[in-house]
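One structure below.
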Amino acid sequence: MYAVFKSGGKQYKAEKGDRLRLEKLDVEDGAEVEFDQVLLIGEAGGSITVGKPLVDGGKVVAKVVAQGKGKKVDIIKFRRRQNYLRHKGHRQHFTEVEVTAISGS
């Protein structure tokens with residue numbers, strides 16, 4: 001069974017046991033998180049339930065594995081012959097979760 005759910009303005013496809021890196025959630029390590037904005041639930045080679053816009057009673061339960069920062073992204077602004085160079089870096093915060101259960105019709 002798999003599900004497509006919404007978190008942090010993005011959509012994720014998940015199966016039981018998958019590890020996902022989501023936008024940072026304000027929870028502790030080891031905590032259990034429920035995502036109730038489920039857009040689609042499907043069986044492998046079977047039926048698919050599509051929500052309008054959400055699936056009634058759909059829920060994805062996950063356990064928080066880690067909090068961290070992603071790889072550094074360099075932002076460089078440069079204008080040749082103008083003595084202009086701006087260099088910045090950014091590391092996006094994330095929450096890594098492991099999907100433990102998917103339920104819904």
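Between residues in the range 54-72 that are more than 16 Å from residue 7 (Cα to Cα) and residues that are charged (D, E, K, R) and open to solvent by 70 Å² or more (accessible area, probe 1.4 Å), which pairs lie under 7 Å by C-beta distance while being six or more apart or on different chains?
If the second residue must be charged (D, E, K, R) and open to solvent by 70 Å² or more (accessible area, probe 1.4 Å), the pairs left are 65/19; 66/29; 69/91; 70/91; 72/91.
Might you let me know whether the range 83-91 holds any residue that is open to solvent by 90 Å² or more (accessible area, probe 1.4 Å), touching a residue at least 12 places away in the same chain (Cβ under 8 Å) and in a loop (DSSP other than H, G, I, E, B)?
Checked the range 83-91: at least one residue is open to solvent by 90 Å² or more (accessible area, probe 1.4 Å), touching a residue at least 12 places away in the same chain (Cβ under 8 Å) and in a loop (DSSP other than H, G, I, E, B).
Here is a check on your reading of the model: is residue 56 part of a loop (DSSP other than H, G, I, E, B), modelled with pLDDT of 95 or more and either open to solvent by 60 Å² or more (accessible area, probe 1.4 Å) or of a type in the set (A, V, I, L, M) (or both)?
On the way: part of a loop (DSSP other than H, G, I, E, B): yes; modelled with pLDDT of 95 or more: no; either open to solvent by 60 Å² or more (accessible area, probe 1.4 Å) or of a type in the set (A, V, I, L, M) (or both): yes.
Considered against the rule, which asks whether it is part of a loop (DSSP other than H, G, I, E, B), modelled with pLDDT of 95 or more and either open to solvent by 60 Å² or more (accessible area, probe 1.4 Å) or of a type in the set (A, V, I, L, M) (or both), residue 56 comes out as no.
Given the structure, is residue 34 of a type in the set (D, E, K, R), under 15 Å from residue 4 (Cα atoms), out of contact with any helix residue (DSSP H, G or I) (no Cβ under 9 Å at 6 or more places or on another chain) and at pLDDT 95 or above?
yes
Can you name the residue in the range 1-27 that is assigned to a strand (DSSP E or B) and of a type in the set (Gly, Ala, Ser) and is also surrounded by the fewest Cβ atoms within 10 Å (Cβ to Cβ) among such residues?
7
Filter the range 55-77 down to the residues that are of a type outside the set (Lys, Arg) and over 15 Å from residue 30 (Cβ atoms) and list them by number. Quick ask: steps written out before the conclusion?
Here is the first cut: in the range 55-77, the residues of a type outside the set (Lys, Arg) are 55-58, 60-62, 64-68, 70, 73-76.
Listed by number, the residues that qualify are 55, 56, 57, 58, 60, 70, 73, 74, 75, 76.
The values are calculated or read from the model by the stated rules, or taken from the named source; none is laboratory data. Since the structure is predicted, the reported quantities are computational estimates derived from the model, not experimental observations. Cβ sites come from the backbone with ideal geometry, for glycine too, and all protein chains shown count toward neighbours. The area values use the complete protein model at the heavy-atom level, side chains included, leaving out ligands, DNA and RNA. Shrake-Rupley method; radii C 1.70, N 1.55, O 1.52, S 1.80 Å.
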